[in-house]
Amino acid sequence: MKISFVLPHESVKIYGGFKVVFEYANKLAECGHEVVIYFMTERFMTNYAIPITLKKALVKTVVKYTPKWFKLNPKIKKVSLWDKNDVENADVIIATAIRTAFFVKDLSNSKGKKFYFIQGFENWKYSDDQVFETYAFGFTNIAVSKWLKELVDTHSNKESYLVSNSVDETIFNCHNPIESRTPHSIVMHYRSEPLKGAKYAFEVIEKLQKKYSDLSVTVISTEKAPSNLPSNVNYVYKASPEEIAAINNESSVFLCTTIEEGFGLPGLEALACGCVLVSTRYKGVLEYAVDGTNSILCDVKDVDALTEGVSKVFENKMLRKQMSKQAVESVQNRKLSVTSKLFEGILKKEI
């Protein structure tokens, strides 16, 4: 098959949703499919008074040499997408975000059978009704979580598929038992968007620093360190997947204070590395986190409960060991090698 993915912009920065698409693109290319990734670039440098021919040339170069943070299969073709004339005929074309769904909707059928890969409820720049509208475009919808699937199905005439997000088991695995890790160690991911709830994580860390003088905290981010970052933490900027896996394997607890998210892949990756997950009970995390088994879940924005949850893991060696073991076991059916085959099977079935 010739398979096209459409992403909403170029991939200079690290985005979790892009990473998932790139992983599936790589797997499909490995299976012998012809894969093309289109990056919508018509908004590139819109604030600059530069001739359009120069803008196109510049962004074409950007697309050619990015992403630098992910190893794409060299067989995959990357295209700077300025308008519909840039889109080649294919068997399948997959929208990956709300903006791309509106674009794909207006393409001719020769560009491929239309699919919509839905990784979140994207109402931060669009109204709820606009989001619901895309679910009813008549595409074959693929959702990454049960709650998203249920939401999509209430606004579509056709039942969607569920392909849960997964981890690349060749990178995210447990090779350092939790007994060998510093007991009072935390890893977390930072994003500045309010829905990521970072300020609550920082409050938890500050409370724990008063309680544990040997507390070790690593903060991973694709953004520069914020001004409200707690003192005495290790801030890692633009870590590769391999570096993230290594950090996870040195940490006892993965702390997540997200308010709302479609899935929450970093938490799943941390479980695969044997971290105990202490997280807010947002919708996405319930896809893989089981309170008291592989994680400790607390109400959203409940700093005291999150602090207590981390302390519980820190102070009970047997609990820490047992939950780490269950964390690794809980990810066994969420491997990329499995979900990529499911994804490929849906494409084959529907065309």
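The listed residues are Val276, Val290, and the only one of them that is closer than 19 Å to Val144 by Cβ, in the same structural domain as Thr182 (by TED's automatic domain parsing) and touching a residue at least 12 places away in the same chain (Cβ under 8 Å) turns out to be Val290.
Identify, please: which residue in the stretch 35-94 is more than 27 Å from the chain's Cα centre (by Cα) and small (Gly, Ala, Ser) and is, among those, nearest to Met1 (Cα to Cα)? Top of the filtered list is Ala57. For the residues Leu255, Leu277, the requirement of being buried (at least 24 other Cβ atoms within 10 Å of the Cβ), among the aliphatic types (A, V, I, L, M) and touching a Gly at 6+ places or on another chain (Cβ under 6 Å) singles out Leu277.
Screening Ser11 on (1) under 19 Å from Ala143 (Cα atoms); (2) hydroxyl-bearing (Ser, Thr, Tyr); (3) assigned to a loop (DSSP other than H, G, I, E, B) shows it passes everything except condition (1).
Looking at the stretch 332-346, which of its residues are out of contact with any Asp or Glu (no Cβ under 8 Å at 6 or more places or on another chain) and either within 13 Å of Lys27 (Cα to Cα) or at pLDDT 95 or above (or both)?
So in the stretch 332-346, the residues out of contact with any Asp or Glu (no Cβ under 8 Å at 6 or more places or on another chain) come out as 332-334, 338-339, 341-346.
Listed by number, the residues that qualify are Val338, Thr339, Lys341, Leu342, Phe343, Glu344, Gly345, Ile346.
Regarding the stretch 268-282, can at least one residue be identified that is more than 21 Å from Val167 (Cα to Cα) and part of a helix (DSSP H, G or I)? No, that holds for no residue. Is the stretch 285-295 home to any residue that is assigned to a helix (DSSP H, G or I) and under 27 Å from His184 (Cβ atoms)? The answer is yes; a qualifying residue exists. Annotation note: Cβ proximity below 6 Å between a residue of the stretch 225-245 that is under 12 Å from Phe202 (Cα atoms) and a residue that is in a strand (DSSP E or B) (sequence gap 6+ or interchain) occurs for Val233/Val217; Val233/Val219. Can you say whether Asn157 is farther than 16 Å from Arg334 by Cβ and not assigned by TED's automatic domain parsing to the domain that holds Lys325, as far as the supplied structure shows? So Asn157 fits the description; yes.
Every condition in (1) more than 17 Å from Asn173 (Cβ to Cβ); (2) buried (at least 22 other Cβ atoms within 10 Å of the Cβ); (3) out of contact with any Gly (no Cβ under 8 Å at 6 or more places or on another chain) holds for Leu268 except the one numbered (1).
Condition first: among the small types (Gly, Ala, Ser), more than 18 Å from Gly284 (Cβ to Cβ) and surrounded by 21 or more Cβ atoms within 10 Å (Cβ to Cβ). Now tell me which residues in the stretch 91-134 satisfy that.
If the condition is that a residue be among the small types (Gly, Ala, Ser), more than 18 Å from Gly284 (Cβ to Cβ) and surrounded by 21 or more Cβ atoms within 10 Å (Cβ to Cβ), then Ala95, Ala101, Gly112 are the ones that fit.
Taking each residue of the stretch 110-128 that is of a type in the set (Ser, Thr, Tyr) and looking for partners that are surrounded by 20 or more Cβ atoms within 10 Å (Cβ to Cβ) with beta-carbon atoms closer than 6 Å, six or more apart or interchain, yields Tyr116/Ala95; Tyr116/Ala101; Tyr116/Phe139; Tyr116/Asn141; Tyr126/Ile98.
There is at least one residue in the stretch 101-110 that is more than 16 Å from Phe5 (Cβ to Cβ) and hydroxyl-bearing (Ser, Thr, Tyr). Beta carbons closer than 7 Å, at least 6 apart along the sequence or on distinct chains, pair a first residue in the stretch 327-347 that is among the aromatic types (Phe, Trp, Tyr) with a second that is not in a helix (DSSP H, G or I) for Phe343/Val163. In summary, Ala245 fulfils each of the numbered conditions (1) in contact with a helix residue (DSSP H, G or I) (Cβ under 8 Å, 6 or more places away or on another chain); (2) under 19 Å from Ile178 (Cβ atoms); (3) assigned to a loop (DSSP other than H, G, I, E, B) with the single exception of condition (3).
Listed here are the residues, each with its yes/no results for (1) in contact (Cβ under 8 Å) with a residue 40 or more places away in the chain; (2) basic (Lys, Arg); (3) surrounded by 18 or more Cβ atoms within 10 Å (Cβ to Cβ).
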{"position": "His9", "(1), (2), (3)": "no, no, yes"}
{"position": "Met45", "(1), (2), (3)": "no, no, no"}
{"position": "Ala49", "(1), (2), (3)": "no, no, no"}
{"position": "Lys84", "(1), (2), (3)": "no, yes, no"}
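Mind listing just one residue for me: the one in the stretch 228-251 that is under 20 Å from the mean Cα position of the chain (by Cα) and β-branched (Val, Ile, Thr) and, of those, surrounded by the fewest Cβ atoms within 10 Å (Cβ to Cβ)? This residue is Val236.
The values are calculated or read from the model by the stated rules, or taken from the named source; none is laboratory data. Keep in mind it's a predicted model, so treat the numbers as computed, not measured. Heads up, the Cβs are rebuilt from the backbone with ideal geometry, glycines too, and the neighbour counts pull from every protein chain shown.
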